[in-house]
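Following: one structure in C-alpha cells, then a few remarks.
What follows draws every value from the coordinates through simple rules; no lab data is involved. If you're wondering where the values come from, they're calculated on a predicted model, not measured in any experiment. Positions of Cβ are backbone-derived with ideal geometry, glycine not excepted, and every protein chain shown enters the neighbour counts.
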Amino acid sequence: RLLSVRSTTFRAEAQQQQSAMFRVSMVKGVALVVLSTFAFTADAFTTPSVLPLRAASKLSVNKGGAVPASATLGKRSILGNNVRSASRMMPLRMAEGEFDYDVIIVGCGVGGHGAALHARGQGLKTAIFTGGDIGGTCVNRGCVPSKALLAAAGRVREMQDADHLEGFGISVGDVKYDREKVAAHAAQLSSNVALNLGNSLTGLGVDIIPETGEFAGPNKVRKAGTDEIVTAKDIILAPGSVPFVPPGIEIDGKTVFTSDDSLKLEWVPDWVAIIGSGYIGLEFADVYTALGSEVTFIEAMDSLMPTFDPEIRRVADRQLIQPRKVDGYTSVFATEIVPGEPGEKPVKIKLVDAKTKEEIPDSPLFVDAALVCTGRVPNTSPLKLEDHGIETVRGFVQVNDKMQVLDKPDGEVVPSLWCIGDANGKLMLAHAASAQGISAVENIAGREHRVDHNTIPAACFTHPEIAMVGLTEEQAKAKAEAEGFELGKSTGSFRANSKALAELEGSGMAKCLFNKDSGKVLGVHIIGIHASDLIQECANAIAAGTTVQELAMMVHTHPTLSEVIDETFKGAVGMSTH
C-alpha cells in the first residue's frame, strides 16, 4: 500500500496534477500508511524509506487544502482520524468536564507505555507522567541495553572458541574488542528505543508530562515539587522498581555497583564477585566471562540459579558454570562490602554462613569489583500513597486480579486507582507489566479482564539461553499431589535436531510437564540455542488450554529448532519423531 501511494504520487507529480483536492487525497492516503506502520513499530518514523511521511503527519484538512496543523488527537487532524479508525473505530471520548483526562498514567516504563497506547486505542483522553524516564528501567537500564552487551559478548565468545569454529572449517586470528564501542552500542540502542517510544506516544495523542507524579488523593496527581494538580477519571500507577541493595553494602558506582551502573561498562574488571545468581547475575556473568573476567557468585540460597527448574539448573551448571572461569559460594551472605579503587585497591567482602550466621574461613574476599544483583524493590515511595491511607507491603502496592488498588492487604478497592508492573509485585517482568497495563485499561473501558500470570514466559539471555513458562517440576509435583492427578513429563533434545547440529549447538533440552488426565500443559522449560524464541509457542499453548494430544499433531517446519518442541510434545503422548 505504501508503494502504491508513493508511486501514484510520483506519477501525479510527473503529470503536474496539482489541484488542491488531489493534494488532500494523497495526504490522506499517506496518513493511513503512517498509522498502519506506526501502530506496530515506532521505527517507521526513523526509517529513511518513509521519511517523507513525517511531514504528512503534520498536515490537516482545511477548506484551502493541506495546511500545517497540530497533530494532537483532540483536533480533527488526518493522523487523529486514522488513529481512531485503526482502533476499531472507537470514538474519541473526551474527559468529563470535571476531569482534565480520562486516564492518567504515572510512570513511563514498558507497562505505562503499553497502558497509554491501549487507552488511546479506546478513545480515552490520556496523559502520562514520565519522570524524565521514557522507557523506564527496561529500556534505559535493563532488558534492552543488557541484550546489546550480551550480543557483543556472545560474538566475542564464539569467535574465541577455536574448537567450535574448527568444526565449521573456520579459523581466525586474535579476537579483540573495543570496550568503549561495545558500551556505546548499548547506550545508542537504549536512546533509539526510548526516542521511538516517545514518538509513539505523541503520535497517538498522549500528553507527555515530564515531571514525576505524586498521588494527591482521589482522581488527582500532583507534579512533584509543585502545587500543580492534574485530574483524571482513572489513574494507573506504573512507577516500576529499583535495585535492592542489602544493608552493609556500600555502592560507589565504580567498584561496587548494581546492574544500573554495570550496563555502562566503564571498565572490565579482572575478577568480579556477583552477589546473587538469578537472571540478572547470570546474564552479567555471561558478559564478563566472554570479555575476559573471572566471576565468583555469592548466593544466599542452597544452590546457584535457585529459581530455575532443578533439571534445567543441572544442565545450566554444566554449560554456563563449569566450562568457564566461574566459581561460587552457596548458603552465604555478603554482609559487608567496602568499595576499592580500580587498579589500585581491591573491594573487600565479608562472607557469612547463611545458616550459622558465622563468618566463613574464606572471609574476607578481595576482588576487583562487586556487582550487586540481589533483586529489585518497588519504586513506590515517591507516590506518597501512605499519606492517603493506602498501605503497601514492603513497598508493594496491593491489587486484586483486575489491577485495582486495595487500601491494604485483602482490603477494599480504592475507586478509580490501578497499579501495574513491578510496583504490585505479581510478576516482575517487563512484558508482564505491559499485559497488566492493557488489562487495566480493558477494565476501565468496562470489559472485565484478568491476566493469567501462569501463562507469561520468562527468559535468561545467556549463551545458551534458558526459558520457561508455567510451573517447575517441583511445583507441578506439589500441584498433582494436592489435586489428585498423575503428572506427566516429556523431554526433547537439541542433540537430535538437524538445525541445532548444523549450528554445532547440540547441547540443550526441552521439558514439558503436563496433567496426564486432562492433557493440559502445566509448564515447559528449555535450555539451548534460541530458547527465548521457542518458549512462546509453549506459552501460547498453556494460555489457549491446548492439550498435549492436540500439540503432538501440529506440524512444525523442517529443519528448524521448533522441532525440539515438536519432539517434546509428541513424546508426551508416546509418539516418535523422524
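Please report, in whole Å, how far the alpha carbons of region 132-217 spread along each principal axis, starting with the longest.
Dimensions of region 132-217 along the principal axes of its Cα atoms: 65, 23, 21 Å.
Under 27 Å Cα to Cα from Lys220, which lysines show up? Leave out anything in the same chain fewer than 8 places away.
Reachable lysines: Lys75, Lys125, Lys233, Lys384, Lys402, Lys408, Lys426.
Hey, with R₀ at 30 Å, roughly what FRET efficiency would Thr335 and Arg394 work out to, going by the Cβ-Cβ distance, to 0.05? Could you put the intermediate results ahead of the total?
Values: r = 20 Å, r/R0 = 0.67.
The formula returns an efficiency of 0.90 here.
Using a basic spin-label model with each label point 7 Å from the Cα along Cα→Cβ, how many nm lie between Ala478 and Val175?
4.1 nm
Which residues in region 278-304 have a backbone N closer than 16 Å to a point placed 7 Å from the Cα of Ile360 along the Cα-to-Cβ line?
278, 295-304
How long is the gain from Met554 to Arg495 if the chain were fully straight, where each residue apart is worth 0.36 nm and the alpha carbon distance is subtracted?
Details: separation 59, 0.36 × 59 = 21.24 nm, distance 2.15 nm.
Full-extension gain reported as 19.1 nm.
Please say if region 414-529 is rounded, prolate or oblate, where rounded means a/c under 1.5 for a ≥ b ≥ c the square roots of the C-alpha gyration tensor eigenvalues, and otherwise the choice is prolate for a/b larger than b/c and oblate otherwise?
It comes out oblate by the Cα gyration axes.
When only DSSP loop residues count, what GluC sites (Glu not before Pro) in region 401-460 have their Cβ near at most 16 other Cβ atoms within 10 Å? Before the final figure, lay out the partial values.
Values: sites: Glu412, Glu442, Glu448; in loops: Glu412, Glu448.
Here the GluC sites (Glu not before Pro) that fit, given the DSSP loop and packing criteria, are Glu412, Glu448.
Ranked highest first by average number of other Cβ atoms within 10 Å, how do 496-504, 355-363 line up? Can you show the working numbers first?
Details: 496-504: 16.7, 355-363: 11.1.
Top of the packing list down: 496-504, 355-363.
Ranking request for peptides 258-265, 161-168, 102-109: highest mean number of other beta-carbon atoms within 10 Å first, then the rest in descending order. Write out the running numbers ahead of the final one.
Working: 258-265: 20.0, 161-168: 11.8, 102-109: 29.2.
By packing density, highest mean first, the sequence is 102-109, 258-265, 161-168.
Taking K and R as +1 and D and E as -1, what net charge do the other residues with C-beta under 13 Å from the C-beta of Thr330 add up to?
Details: positive: Arg313, Lys355; negative: Glu299, Asp302, Asp317, Asp327, Asp353, Asp362.
Around Thr330, the surrounding residues sum to -4.
I want the local charge near Leu304. Using Cβ-Cβ distances under 13 Å, sum +1 for each Lys or Arg and -1 for each Asp or Glu among the other residues.
On the way: positive: Arg313, Arg314, Arg318, Arg324; negative: Glu299, Asp302, Asp317, Asp327.
Once positives and negatives cancel, what remains is 0.
When the label point is put 7 Å from the Cα of Asp533 along its Cα-to-beta-carbon vector, which residues of region 553-573 have a backbone N closer than 19 Å?
The answer is 555-568, whose backbone nitrogens lie closer than 19 Å to the label point.
If you split all Cα-Cα distances of region 187-276 into 5 Å bins from zero, what percentages do you get per bin, shortest first?
Computed distribution, short to long bins: 2, 9, 14, 14, 14, 14, 13, 11, 6, 2, 1.
Can you give the FRET efficiency for Asp353 and Val268, using 1/(1 + (r/R0)^6), R0 = 30 Å, r = Cβ-Cβ distance, to the nearest 0.05? Don't skip to the answer; put the middle values down first.
On the way: r = 31 Å, r/R0 = 1.04.
Taking R0 as 30 Å, the efficiency between Asp353 and Val268 is 0.45.
Evaluate the Kirkwood expression for the hydrodynamic radius of region 95-159, namely the inverse of the mean inverse distance over all pairs of different C-alpha atoms, and round to one decimal in Å.
On the way: mean 1/r = 0.0727 Å⁻¹.
13.8 Å is the Kirkwood radius here.
Just how far, in whole angstrom, is region 297-317 from region 244-293 if you go by their alpha carbon centroids?
Region 244-293 and region 297-317 have Cα centres separated by 18 Å.
So what's the net charge close to Lys477: Lys and Arg +1, Asp and Glu -1, counting the other residues with Cβ under 14 Å from its Cβ?
Working: positive: Lys479, Lys489, Lys511, Lys516; negative: Asp309, Glu311, Glu473, Glu474, Glu481, Glu483, Glu486.
In short, -3.
Stretched out fully, how many nm does the piece from Phe168 to Glu412 gain, at 0.36 nm a residue minus the Cα gap?
Numbers: separation 244, 0.36 × 244 = 87.84 nm, distance 6.34 nm.
That pair, Phe168 and Glu412, stretches by 81.5 nm at full extension.
For a quick size check, give me the Cα extents of region 461-578 along its three principal axes, largest first, whole Å.
43, 29, 21
Once Rh is set to the Kirkwood radius over Cα pairs, what Stokes-Einstein translational diffusion coefficient, in µm²/s, holds for region 367-463 at a temperature of 20 °C and a viscosity of 1.002 mPa s? Each step should come with its number before you reach the end.
Numbers: Rh = 14.8 Å.
Estimated diffusion coefficient is 145 µm²/s.
Let's test the formula: R0 of 30 Å, r as the Cβ-Cβ distance of Lys516 and Asn540. What FRET efficiency results, to the nearest 0.05?
Working: r = 21 Å, r/R0 = 0.72.
Efficiency, from the Cβ-Cβ distance: 0.90.
Among bridges DSSP assigns within region 282-368, what percent are antiparallel (round to 5)?
Working: 11 of 16 bridges.
Expressed as a percentage, antiparallel bridges in region 282-368 total about 70.
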